[in-house]
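Structure first, then comments.
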Amino acid sequence: MKKESIISDLLGLNQREAARLLQVSRSQLSMYELGQRDLPLSAKVLLTAMVDQAQQRKSAPTVLPILAQQEQRKQHWIERQLKLNTFRQLRVSRVLDKMEQTYAAQLKVLELVAHLKETGSNESKEYQGFLNSLENKAHKKLAQTGLPQLLQWQIKLAALQTEAEILHEAMKIPK
């Protein structure tokens with residue numbers, strides 16, 4: 001193992017921080033890591049003690065209070081995200097339901113208009129104008145709530161559902 005990886009991997013310090021703790025310059029430590037220079041005896045003793053402590057910690061990790069706090073903060077954050085996710089899923093579901101209803105209704109309108117135009121039950125210009133108006137309105141609504149838009153909202157819902165699964169898994173609670 002290289003000397004530099006001992007400091008960065010085992011101790012979790014960057015070169016500047018390690019040099020400051022050892023009370024040497026960063027360049028001295030860098031040259032030591034490269035094998036081009038030795039450290040003062042006091043720095044070597046301290047480095048050895050730090051490495052020994054880190055290796056002991058690796059074999060028998062100590063529980064720091066900060067870890068419990070971090071875990072608690074993580075759980076709290078997950079709970080907030082789950083509530084937000086639930087709200088978003090509800091909102092997207094409502095929008096999607098409304099769009100699907102509108103889409104189905106406009107298809108029915110277009111079918112009705114096509115049927116009425118085929119049968120030619122009333123050939124007056126006013127009636128034909130009204131049918132054309134209904135047809136144009138249905139086409140405009142379909143442009144807003146058509147299959148591409150429905151798919152977009154279905155993808156949003158699926159993404160939110162996947163996010164909820166990941167959050168539940170991170171929280172380690174049953175869904």
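The values are calculated or read from the model by the stated rules, or taken from the named source; none is laboratory data. Quantities reported herein were computed from a predicted structural model and do not represent experimental measurements. When we count neighbours, we look across all protein chains shown, and the Cβ atoms used for this are built from the backbone with ideal geometry, even at glycine. Accessible surface is based on the protein model in full, side chains and every heavy atom, while ligands, DNA and RNA are left aside. Shrake-Rupley method; radii C 1.70, N 1.55, O 1.52, S 1.80 Å.
Can you tell me which residue in region 111-122 is farthest from His139 (Cα to Cα), limited to those that are assigned to a helix (DSSP H, G or I) and open to solvent by less than 60 Å² (accessible area, probe 1.4 Å)?
If we filter region 111-122 for residues that are assigned to a helix (DSSP H, G or I), which is where we start, we get 111-119.
When the remaining residues are screened for being open to solvent by less than 60 Å² (accessible area, probe 1.4 Å), the result is 113-114, 116.
Values: Val113: 12, Ala114: 13, Leu116: 17 Å.
Looking at the filtered set, the residue picked out is Leu116.
Restricting to region 151-175, count the residues that are at positive phi and either assigned to a helix (DSSP H, G or I) or at pLDDT 95 or above (or both).
Step one: list which residues in region 151-175 are at positive phi, which gives 172.
Then drop every residue that is not either assigned to a helix (DSSP H, G or I) or at pLDDT 95 or above (or both), which leaves none.
Adding up the residues that qualify gives 0.
For Val92, are the conditions met, namely being surrounded by 16 or more Cβ atoms within 10 Å (Cβ to Cβ), within 30 Å of His76 (Cα to Cα), modelled with pLDDT of 95 or more and β-branched (Val, Ile, Thr)?
Numbers: surrounded by 16 or more Cβ atoms within 10 Å (Cβ to Cβ): yes; within 30 Å of His76 (Cα to Cα): yes; modelled with pLDDT of 95 or more: yes; β-branched (Val, Ile, Thr): yes.
The answer is yes for Val92.
Of the conditions (1) open to solvent by 100 Å² or more (accessible area, probe 1.4 Å); (2) more than 30 Å from Leu167 (Cα to Cα); (3) not in a loop (DSSP other than H, G, I, E, B), Gln36 clears all except one; give me its number.
Among (1) open to solvent by 100 Å² or more (accessible area, probe 1.4 Å); (2) more than 30 Å from Leu167 (Cα to Cα); (3) not in a loop (DSSP other than H, G, I, E, B), the lone unmet condition for Gln36 is (3).
How about region 70-89: which of its residues are more than 15 Å from the chain's Cα centre (by Cα) and among the hydrophobic types (A, V, I, L, M, F, W, C)?
Passing the criteria: only Phe87.
Just checking, does region 67-75 include any residue being closer than 30 Å to Ile155 by Cα, open to solvent by less than 90 Å² (accessible area, probe 1.4 Å) and modelled with pLDDT of 90 or more?
Yes, there is a match, as at least one residue in region 67-75 is closer than 30 Å to Ile155 by Cα, open to solvent by less than 90 Å² (accessible area, probe 1.4 Å) and modelled with pLDDT of 90 or more.
Before we move on, is Lys98 over 30 Å from Leu84 (Cα atoms) and among the charged types (D, E, K, R)?
Working: over 30 Å from Leu84 (Cα atoms): no; among the charged types (D, E, K, R): yes.
Taking the combined requirement at face value, the residue does not satisfy it.
Which members of region 142-175 meet the condition of being open to solvent by 70 Å² or more (accessible area, probe 1.4 Å) and more than 22 Å from the chain's Cα centre (by Cα)?
Gln144, Leu147, Pro148
Tally the residues that are surrounded by fewer than 14 Cβ atoms within 10 Å (Cβ to Cβ) and either of a type in the set (D, E, K, R) or modelled with pLDDT under 95 (or both), restricting the search to region 95-110.
3
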